[in-house]
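First comes the structure, then the notes that go with it.
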Amino acid sequence: MAGVNQVVRVPVALGERSYQVVAGPLSDTLPETLAALRATPKVLLVSDERVAGLYADKVKKLLEQCGFSVHLAVVPVGEEAKSLAVAGRLYDQAVRCELDRKSLVVALGGGVVGDVAGFVAATYLRGLLFIQIPTTLLAQVDASVGGKVAINHPAGKNLIGAFYQPKAVLADVAFFDTLSERDYRSGLAEVVKHALLDSEARLQWLEANHERLLARDHALLQEVVAWCCAHKAGVVSRDETEQGERKHLNLGHTFGHAVEAWGGFNRWTHGESVAIGLVAALKLSVKHVQCPAALVARVAKLLEQLGLPAGLPAGETYDLQSYLHQDKKMLQDKIHWILLAGPGDVRICALDKNESVAELI
C-alpha cells in the first residue's frame with residue numbers, strides 16, 4: 001500500500017488526449033503538472049463558495065508561485081451551479097480576463113464544479129486547457145475522470161454537455177478532512193458502484209474495510225482513489241464516448257438521476273441518489289438477468305453500514321416515471337438500464353420506458 005506522501009500515477013490512455021490522475025500532496029503534484037503544460041500565464045480558477053473559503057488562497061498561491069496570474073471565479077454550492085446562467089457568468093469572466101486558447105481553467109471543488117468549469121473550458125474559444133483538482137471523495141473516485149462535462153436542464157440532469165478531457169487530475173486525499181459527514185459518505189456510493197462493476201473480490205474487500213473507510217484512513221483512501229480511478233481509466237480508454245462498455249459506469253444512475261431530479265436536485269445528494277439507484281438496479285437485475293436476490297440484501301446492508309440510504313423513505317408518493325423518460329440512455333422509447341447478473345457481470349437491458357418502477361422504490 002502506498003503511503004499518503006507517495007505520489008501514485010494512474011494513466012488514462014486516450015492517444016493524443018492521454019493524461020494522468022496523480023494522487024498525492026497538491027504542493028508536489030501541481031507545480032510539476034504546470035511545468036509540463038506550457039500554458040499561457042492567465043488562469044481562471046473556478047471554485048464554489050464553500051471550497052473557495054477553505055482552499056482558494058492556497059491554490060492561488062501555488063499557481064502564482066509557478067508564474068501564473070490567477071482570476072478566481074466563485075459559483076454557488078450545489079447543483080444550481082450547473083446552469084446556463086452560471087456558465088454565462090463564467091464566460092463573462094473569461095472575456096474580462098482576456099483568456100486565450102492556451103489559457104488554463106482549473107476546477108477546484110467537487111463534481112459540480114468540475115462539470116460547469118469543464119463545460120466552460122470545452123466551449124469557450126472552442127476549447128481551453130483544463131485541470132481538475134477534485135476536493136470530494138465522489139469527484140476523486142469518479143466524476144473528475146473521463147472527460148464528461150455538463151450542465152443541467154430543468155427537465156433533467158446533465159442534458160447539456162460534452163466529452164472534454166482534462167490535461168491532468170490532481171487528487172489529494174487531505175481535502176477529505178474538511179468534508180461534511182454527509183458529503184464524505186455520499187462519495188462512498190461511487191466506491192461501491194466501482195466495486196460492483198469490478199468483481200466479487202472488490203465487494204468483499206469493501207465489506208471488510210467499511211469501518212476504516214468511515215474513519216477516513218488516509219492511506220486506505222489513497223489506495224481506494226487509485227483503484228477506482230484505474231478501473232474507470234481502463235473503461236474510458238477503451239470507450240471514450242460511451243458507445244458500449246463505458247455505459248456500464250452508469251450503474252445506479254438511471255434511477256438515481258430520476259430521484260435527484262424529483263427531489264429538485266437538493267433533497268438528496270448525488271451519492272445518496274446513486275446508492276438508492278444501485279439497490280433499484282439490483283432489484284431490476286433479479287427480475288431480468290437472474291441476479292441472486294442475496295446480492296440485493298448484501299449491497300443494501302453495506303450501503304447502510306456506510307451511512308447511505310438503500311431506498312426511498314416510506315410514506316410518500318414518488319412520481320419518477322416522467323423523469324426516467326428524460327434519461328440520456330433512452331433510445332426509441334426504451335431505457336437502457338445497466339444491470340448485474342453478479343459482481344463484475346454487467347448486462348445492458350433495454351426495457352420499455354413505461355415499465356413500472358413502483359416495485360423498485
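The values are calculated or read from the model by the stated rules, or taken from the named source; none is laboratory data. Everything numeric here is computed off the predicted structure, so don't read it as measured data. Backbone-built Cβ (ideal geometry, glycine too); neighbour counts: all protein chains shown.
Per-residue answers, yes or no, for (1) assigned by TED's automatic domain parsing to the domain that holds Val112; (2) touching a strand residue (DSSP E or B) at 6+ places or on another chain (Cβ under 7 Å); (3) surrounded by 20 or more Cβ atoms within 10 Å (Cβ to Cβ); (4) among the aliphatic types (A, V, I, L, M):
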| residue | (1), (2), (3), (4) |
| --- | --- |
| Val192 | no, no, yes, yes |
| Ala195 | no, no, yes, yes |
| Asp198 | no, no, no, no |
| Trp205 | no, no, no, no |
| Asn209 | no, no, no, no |
| Ala215 | no, no, no, yes |
| Gln222 | no, yes, yes, no |
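Evaluate the following for Val149: is it closer than 26 Å to Gln243 by Cβ, under 20 Å from the mean Cα position of the chain (by Cα) and without any contact (Cβ under 8 Å) to a residue 60 or more places away in the chain?
yes
Just to check your reading of the model, which residue among Phe130, Phe175 is under 20 Å from Arg216 (Cβ atoms) and in contact with a Phe, Trp or Tyr (Cβ under 8 Å, 6 or more places away or on another chain)? The unique qualifying residue is Phe175. Screening Leu302 on (1) at pLDDT 95 or above; (2) surrounded by fewer than 20 Cβ atoms within 10 Å (Cβ to Cβ) shows it passes everything except condition (2).
Taking the stated definitions as given, is Cys291 closer than 16 Å to Arg347 by Cβ and buried (at least 21 other Cβ atoms within 10 Å of the Cβ)?
Numbers: closer than 16 Å to Arg347 by Cβ: yes; buried (at least 21 other Cβ atoms within 10 Å of the Cβ): yes.
Considered against the rule, which asks whether it is closer than 16 Å to Arg347 by Cβ and buried (at least 21 other Cβ atoms within 10 Å of the Cβ), Cys291 comes out as yes.
Checking region 16-31 against the condition returns no match, with no residue being under 22 Å from Asn158 (Cα atoms), within 20 Å of the chain's Cα centre (by Cα) and in the same structural domain as Ala171 (by TED's automatic domain parsing). Residues considered: Val116, Val120, Val112. Of these, the only one that is touching a Phe, Trp or Tyr at 6+ places or on another chain (Cβ under 8 Å) and among the hydrophobic types (A, V, I, L, M, F, W, C) is Val120. Gly234 meets the conditions (1) at pLDDT 95 or above; (2) buried (at least 17 other Cβ atoms within 10 Å of the Cβ); (3) under 22 Å from Phe163 (Cα atoms) in every case but one. The failed one is (2). Restricting Val21, Val51, Val59 to those that are assigned to a strand (DSSP E or B) and among the β-branched types (Val, Ile, Thr) reduces the list to Val21.
Is one or more of the residues making up region 99-116 among the hydroxyl-bearing types (Ser, Thr, Tyr) and either buried (at least 17 other Cβ atoms within 10 Å of the Cβ) or within 23 Å of Arg17 (Cβ to Cβ) (or both)? Break it down stepwise before answering.
Let us first name the residues in region 99-116 that are among the hydroxyl-bearing types (Ser, Thr, Tyr), namely 103.
With either buried (at least 17 other Cβ atoms within 10 Å of the Cβ) or within 23 Å of Arg17 (Cβ to Cβ) (or both) added as a condition, the list becomes 103.
Within region 99-116, one or more residues are among the hydroxyl-bearing types (Ser, Thr, Tyr) and either buried (at least 17 other Cβ atoms within 10 Å of the Cβ) or within 23 Å of Arg17 (Cβ to Cβ) (or both).
Within region 273-296, the residues that satisfy the criterion of being more than 18 Å from His248 (Cβ to Cβ), in contact (Cβ under 8 Å) with a residue 12 or more places away in the chain and of a type in the set (Val, Ile, Thr) are Ile276, Val296.
Scanning region 51-72 for residues that are under 25 Å from Leu138 (Cα atoms), free of Cβ contacts under 8 Å to residues at least 40 places away in the same chain and surrounded by fewer than 20 Cβ atoms within 10 Å (Cβ to Cβ) yields Gly53, Asp57, Lys58, Leu62, Leu72.
When you go through Glu79, Glu98 one by one, which is the residue that is modelled with pLDDT under 95 and among the acidic types (Asp, Glu)? Working first, answer last.
Values: Glu98 fails: modelled with pLDDT under 95.
Just one listed residue meets the conditions, Glu79.
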